[in-house]
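A quick write-up on the structure given underneath.
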């Protein structure tokens, strides 16, 4: 990149995620921050989309924390990405618990999701093949 400013970094991150390379986008976000370029709301949004695409809940939590510290907590796009991130992250956990016979942990995680008010869990559980019917 000729000019490594936040706009250039964010454009490349978004392009990576849209083209099926969210790992590269997330690595670029880390490189951008380490290089001293301060992320803006669009850069945080791009990183959160990459995290959601990867189901990278821990990395998403870090980006979430950074976004709050930077004053982007009220941004509607950031909020939308956070909902997607947390729903995908939780449903990935639930699915993994079910695949490994840990049905009690899966039910506890679903209950936690519901207590936190995360909407859309039914749609995501259905899409990921999670089934809570008795066997």
Next on the checklist: Would you confirm whether or not the range 37-57 contains a residue that is in a helix (DSSP H, G or I), surrounded by fewer than 19 Cβ atoms within 10 Å (Cβ to Cβ), at pLDDT below 95 and within 12 Å of the chain's Cα centre (by Cα)?
Outcome noted: yes
Item to check | Residue check, residue 27 modelled with pLDDT of 90 or more, surrounded by 19 or more Cβ atoms within 10 Å (Cβ to Cβ) and within 20 Å of residue 5 (Cα to Cα) | outcome: no
Checklist entry - With 104, 61 as the choices, which residue is out of contact with any helix residue (DSSP H, G or I) (no Cβ under 8 Å at 6 or more places or on another chain), in a helix (DSSP H, G or I) and exposed (fewer than 14 other Cβ atoms within 10 Å of the Cβ)? => result 104
Checklist entry - Quick one: how many residues across the range 15-30 are touching a residue at least 12 places away in the same chain (Cβ under 8 Å) and closer than 15 Å to residue 63 by Cα? => result 6
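The rows are residues; the columns are (1) surrounded by 15 or more Cβ atoms within 10 Å (Cβ to Cβ); (2) part of a helix (DSSP H, G or I).
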| position | (1), (2) |
| --- | --- |
| 65 | no, yes |
| 68 | no, yes |
| 73 | no, no |
| 81 | yes, yes |
| 87 | yes, yes |
| 90 | yes, yes |
| 96 | yes, yes |
Item to check | Residue check, residue 129 on the phi > 0 side of the Ramachandran plot and at pLDDT 85 or above | outcome: no
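The values are calculated or read from the model by the stated rules, or taken from the named source; none is laboratory data. Just so it is clear, the structure is predicted and the values come from calculations on it, not from any experiment. Positions of Cβ are generated from backbone atoms using ideal geometry, with glycine treated the same way; all protein chains shown enter the neighbour counts.
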